[in-house]
1. Between Ile115 and Val16, what is the label-to-label distance in nm when each label sits 7 Å out along the Cα-to-Cβ direction?
2. Given (i) 15.1, 52; (ii) 14.2, 44; (iii) 16.9, 65, which label gives Rg and Dmax of the Cα atoms in Å as computed from the coordinates?
3. Using the Karplus equation 6.51 cos²θ - 1.76 cosθ + 1.60 (θ = phi - 60°), what ³J(HN,Hα) coupling, rounded to whole Hz, does each residue of the stretch 90-104 give in order, writing x for Gly and Pro?
4. Place a +1 charge on the Cβ of each Lys and Arg in the chain and a -1 charge on the Cβ of each Asp and Glu, then give the dipole magnitude about the Cα centre in debye, rounded to the nearest 20.
5. Counting only other residues whose beta carbon sits under 15 Å from that of Ile108, what net charge do I get with K and R as +1, D and E as -1?
6. Considering Cα pairs under 8 angstrom that are at least six residues apart, work out the relative contact order of the stretch 3-116 and quote it in whole percent.
7. Mean residue ellipticity at 222 nm from the helices of the chain, using -39,500 (n - 2.57) per DSSP H segment of n ≥ 4 over the full residue count, to the nearest 500 deg cm²/dmol?
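Rule-based calculations on the coordinates, nothing more; no lab input. Model, not experiment: these values are computed from the prediction. Cβ: placed from backbone, ideal geometry, glycine included. Neighbour counts: every protein chain shown.
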Amino acid sequence: MGFWIAALLGFVSMVVITWLLKDPYPLYSSLIGPLCGGFIAGIVLGEGIGEGAKVGFISGVFGALLVSVIILITGTALFGIIGTVVGALIDLVILIFATLLFGILGMIGGGIGGIFRNK
């Protein structure tokens, strides 16, 4: 399958798995979701470890962007223009850390998924 289709499927599965695990395992859902999403993206792409890690990283970055947009929209909706300014400042910090966390975990999961489906 194509690279971007695999990245999109990894991203969607990452979001769904994190959402499903947020109540029973709140501490581990942000770790398990990107790992499983990257794993699914690596399996779907099926072009080895390197490409699986790359597509897992892209899926993780998409997840970090989604978290950033949700924080910005929530800050704007709840607190108006002040919430937008504060949300934008917090988003910069969160975007850096979430991109690293989700990207690296997605890359690890994608590499593992690429092992299982090597051409």
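1. It works out to 2.5 nm between the two label points.
2. From the options (i) 15.1, 52; (ii) 14.2, 44; (iii) 16.9, 65, the structure gives (i).
3. Computed from phi, the couplings for the stretch 90-104 are 5, 4, 4, 5, 5, 4, 5, 6, 5, 5, 5, 5, 5, x, 5 Hz.
4. Details: 4 positive and 4 negative charges, 36 e Å.
With Lys and Arg at +1 and Asp and Glu at -1, about 180 debye.
5. Details: positive: Lys54; negative: Glu51.
Charge balance in the 15 Å sphere: 0.
6. Values: 236 pairs, mean separation 42.1, N = 114.
With pairs under 8 Å counted, the relative contact order is 37 percent.
7. On the way: 3 runs with 104 residues, N = 119.
After summing the helix terms and dividing by residue count, I get -32000 deg cm²/dmol.
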